[in-house]
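Chemist: I'd like to ask you about the structure that follows.
The values are calculated or read from the model by the stated rules, or taken from the named source; none is laboratory data. The structure presented is a predicted model; accordingly, all values stated were derived computationally and were not measured. A quick note on method: Cβ atoms are made from the backbone with ideal geometry, for glycine too, and the neighbour counts reach across all protein chains shown. Please note that ligands, DNA and RNA were not included when accessible areas were found on the heavy atoms of the full protein model with its side chains. Shrake-Rupley method; radii C 1.70, N 1.55, O 1.52, S 1.80 Å.
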Amino acid sequence: MVIEPSSFKGGINPGHYKISAQKPITKASAPEKVYIPLQQHIGAPCTPLVEKGEEVKLGQKIGEGQGFVSAPVHATVSGKVIDITDYTHPLGTEVPTIIIENDGQDELHPDIKGNGELEDLSVDDLKNIIKEAGIVGMGGATFPTHVKLSPPDDKPIDTIIINGAECEPFLTSDHRTMVEHAEELVYGTKAIMKTVNCHNAYIGIEANKPDAIEKINELVKDDKNIEVAKLEVKYPQGAEKQLIETVTDRQVPSGGLPMDVGCIVSNTGTCVAIAKAIREGVPLYERVVTITGSGVEEPQNLLVRIGTLASEVIKECGGMTDNTKKVIMGGPMMGMSQPTTHFPVIKGTSGILLLTDKEVELPEEGPCISCGRCIDGCPISLLPNRIAEYSDHERYEDAEEYNALDCIECGCCTFICPAKRFLLHHIRLAKNQIMARRREEQK
Amino acid sequence: MEDKFVVSPSPHLRTQESVNTIMRDVVIALVPPTIAGVIFFGWWGLALVIIGMISAMVTESIILRKSLAPKAIVGDWSAAVTGMLVALIFPPISPWWVVAIGSFVAITIGKLFFGGIGYNIFNPALVGRMILFVSWPVFLTTWSEPVGTHDAITGATPLDGAEATYTELFIGNVSGSLGETSVLAILIGGIYLLAKGHIDWRVPVGYLGAMALYTLIAGEDPIFHLLSGGAVFAAFFMATCMVTSPFTRSGKLIFGIGCGVLTALFRVNGAAPEGVTYAILIMNAVVPFINNYTRPKIYGEVSK
């Protein structure tokens, strides 16, 4: 069944740039070398399990997580470890990285085999499979999935929401995943439901993806526990808290987590990865990446091995145009711009966006004209103009009083500001200062 | 290939809308009242609008940008809006220099003395009108009959006791300020701004609703009060000024209601002919308080 819930308050309409929406997912050729960062999740980095010079097989675990909030990493090609060294990470730091030279054999590690039927697996089995497969939230946050699926006993989960909103302009990887891997998506959803003992799931999809809605609804229409939620096309419809509000009409308390209101939200790619991990036993060694924007010759949705350099992936799409001026990992609203294309695709890379010189002109910041558009657009109902102003004047305590820390950094305020103020930038600064002071006080 | 990319914080996408496009839309919205003014009061009205605009734009260009280059004069179009507003709220037989000085005062004292666009507390056009009203009251209370010329006979406005039907008031075929008499033309411009999202319905609805209610309770004809004088023009073009009205939604409603109540109060209980001007300027002064007390409840806020 398809439900059509009314949307959350605020948000913006940044426009439709889904130029790769009808491009089927194609397999990218495996590169000669892969660069696998030992940190592709929120939490402490992994320790390497292999040494320089060692031969590895495809899917072999090569980095083990330390502690609970961590996820292992796996070899994404078969071949030889040629180095373990610090390397550029798309999140702007240097991270210990395992570099493997591809032998072109794609020989699967012998331990990789299916885990049997979902019905036969216990909750602990499922959590273990998900953990060992190194699955993290593939929407970009990269929170380890097995941790998310282990809520404390006092936080019962009554609703699972699969996030197929994909509200970021340009990105289409989730869209294509839903259309082409609908069956695995539903399987993964059922696996999540079983893992947290919840009998109620929604698959939220924005109304601009009718093919995905139809395809998935076809599969779940006889299942009374899973419903498709057709969502209003609006940014940031795919933000976790906004999605929960739209689907369940509940608000996650300020500073809280989705489980505080009985919800777990999972990305579509994550669901498919879970299905593959259960059925085929394959760890998360590749993902769908949208390579798009006017700076790339041929926009595509590619199935890319984790650790492939962005430069290789772009080459696969016919290369970039001469006037490409900006490279972004992720979408245009929340993605990180990169100084080079020598960063590897990681588990959280949903897209690589290339923009040309005309699109990257930095506007000149004018004075605020108090139009209030940032306030109307803020999905959290903050006063972005006020917080940014306090930040400008280094009045961080006032910024905190105006709930700066509740900002989800969606960028609606900055997008919509006619005076072209860098509101989010100022708010981020305030958030950093407030957090730094809190850490100082705790010492 | 050499990698030389721009690195900047997200978002990497911006709306096409800017202060310039908003102000240009306001200029467009002021065209219907201008046309109505020309139809009812003659070509001198158009001359006044142009004089008002030039005076405001040149003043701002010289003081702010120290240049008379065409681009500097146009600026962000906000001076053009102020100049138009000044001309449209002056009587249609005003001498050219009164409007020119009005615009000059609006830009200097009303806007630039406070720090320019975004920093001014009071509506610049109304500051211009108020200062000129206390300086040369005669010129601001000398009204001409419609379809007159520059030297037409003078007469009273409906608010001063002249007879007029609802239809005449709505169409605007009565004495009054250049752009304020035709409710029809003002509504066309106002609806354009509403459709473009540049003004919030809460301001004009609060303004006119409160005014109607107050005059009704006071035993006067609310429809007459809405249609006559500068109330509708003020509700759509003056009280909605982004810079000088609250930025929260509920604040906008409160602001509109405040303006409406004060306007009605001055008309019913006072003798001041400048009711609209004073009402909005007084409400402008309390905007910071309204903003502070109308903070929206944030997402996920737990009631304490």
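Chemist: Can you name the residue in segment A:392-431 that is free of Cβ contacts under 8 Å to residues at least 40 places away in the same chain and away from every other protein chain (no Cβ under 12 Å) and, of all such residues, is nearest to B:Pro11 (Cα to Cα)?
Modeler: Ranking the candidates gives A:Lys431 first.
Chemist: Okay, next question. Applying the selection to segment A:88-141, what residues are surrounded by 15 or more Cβ atoms within 10 Å (Cβ to Cβ) and of a type in the set (Lys, Arg)?
Modeler: If the condition is that a residue be surrounded by 15 or more Cβ atoms within 10 Å (Cβ to Cβ) and of a type in the set (Lys, Arg), then A:Lys127, A:Lys131 are the ones that fit.
Chemist: Also: Just checking, does segment A:397-419 include any residue being more than 30 Å from A:Ser20 (Cα to Cα), in contact with a Ser or Thr (Cβ under 6 Å, 6 or more places away or on another chain) and either surrounded by fewer than 24 Cβ atoms within 10 Å (Cβ to Cβ) or of a type in the set (Val, Ile, Thr) (or both)?
Modeler: yes
Chemist: Out of segment A:300-313, which residues are under 20 Å from the mean Cα position of the chain (by Cα) and either hydroxyl-bearing (Ser, Thr, Tyr) or within 14 Å of A:Lys27 (Cα to Cα) (or both)?
Modeler: A:Gln300, A:Asn301, A:Leu302, A:Leu303, A:Val304, A:Arg305, A:Ile306, A:Thr308, A:Val313, listed by residue number.
Chemist: Related question: If B:Leu169 meets every condition in (1) under 26 Å from B:Val38 (Cβ atoms); (2) in a helix (DSSP H, G or I); (3) modelled with pLDDT of 95 or more; (4) open to solvent by less than 30 Å² (accessible area, probe 1.4 Å) apart from one, which number is that one?
Modeler: Only one criterion is unmet by B:Leu169, namely (3).
Chemist: While we're on this one: Are there any pairs, at least 6 apart or on different chains, whose C-beta atoms fall under 7 Å, with the first in segment B:268-288 and farther than 13 Å from B:Arg129 by Cβ and the second of a type outside the set (Phe, Trp, Tyr) and part of a helix (DSSP H, G or I), and if so, which?
Modeler: Here the result reads B:Val268/B:Thr215; B:Ile282/B:Leu262; B:Met283/B:Gly258; B:Met283/B:Cys259; B:Met283/B:Leu262, each pair linking segment B:268-288 to a residue that is of a type outside the set (Phe, Trp, Tyr) and part of a helix (DSSP H, G or I).
Chemist: Among the candidates A:Pro169, A:Pro90, single out the residue that is within 19 Å of A:Thr270 (Cβ to Cβ), in a loop (DSSP other than H, G, I, E, B) and within 17 Å of the chain's Cα centre (by Cα).
Modeler: Answer to the check: A:Pro90.
Chemist: Of the conditions (1) out of contact with any Ser or Thr (no Cβ under 7 Å at 6 or more places or on another chain); (2) within 12 Å of chain B (Cβ to nearest Cβ); (3) more than 21 Å from A:Thr177 (Cα to Cα), A:Glu312 satisfies every one except a single condition; which number is it?
Modeler: If we test A:Glu312 against (1) out of contact with any Ser or Thr (no Cβ under 7 Å at 6 or more places or on another chain); (2) within 12 Å of chain B (Cβ to nearest Cβ); (3) more than 21 Å from A:Thr177 (Cα to Cα), just (2) comes out false.
Chemist: Please tell me if A:Ile352 is on the phi < 0 side of the Ramachandran plot, at pLDDT 95 or above and outside any helix (DSSP H, G or I).
Modeler: Yes; evaluated as a whole, the condition is true for this residue.
Chemist: Scan segment A:255-264 and give yes if some residue there is more than 29 Å from A:His109 (Cα to Cα), under 20 Å from the mean Cα position of the chain (by Cα) and without any contact (Cβ under 8 Å) to a residue 12 or more places away in the chain, otherwise no.
Modeler: yes
Chemist: Of B:Pro32, B:Pro11, which residue is part of a helix (DSSP H, G or I) and either within 14 Å of chain A (Cβ to nearest Cβ) or farther than 30 Å from A:Gly293 by Cα (or both)?
Modeler: Exactly one of B:Pro32, B:Pro11 is part of a helix (DSSP H, G or I) and either within 14 Å of chain A (Cβ to nearest Cβ) or farther than 30 Å from A:Gly293 by Cα (or both), namely B:Pro32.
Chemist: Just to check your reading of the model, which residue among B:Ile107, B:Ile93 is part of a loop (DSSP other than H, G, I, E, B), touching a Ser or Thr at 6+ places or on another chain (Cβ under 9 Å) and of a type in the set (A, V, I, L, M)?
Modeler: After ruling out the rest, the residue left standing is B:Ile93.
Chemist: Right, another one. I'm trying to understand the selection: among the residues of segment A:101-147, which are charged (D, E, K, R) and out of contact with any Leu (no Cβ under 9 Å at 6 or more places or on another chain)?
Modeler: Passing the criteria: A:Glu101, A:Asp103, A:Asp111, A:Lys113, A:Glu117, A:Glu119, A:Asp120, A:Asp124, A:Asp125, A:Lys131, A:Glu132.
Chemist: Next question, about the same structure. Can you find a residue that is of a type in the set (A, V, I, L, M, F, W, C), more than 18 Å from the chain's Cα centre (by Cα) and within 11 Å of chain B (Cβ to nearest Cβ) anywhere in segment A:281-290?
Modeler: no
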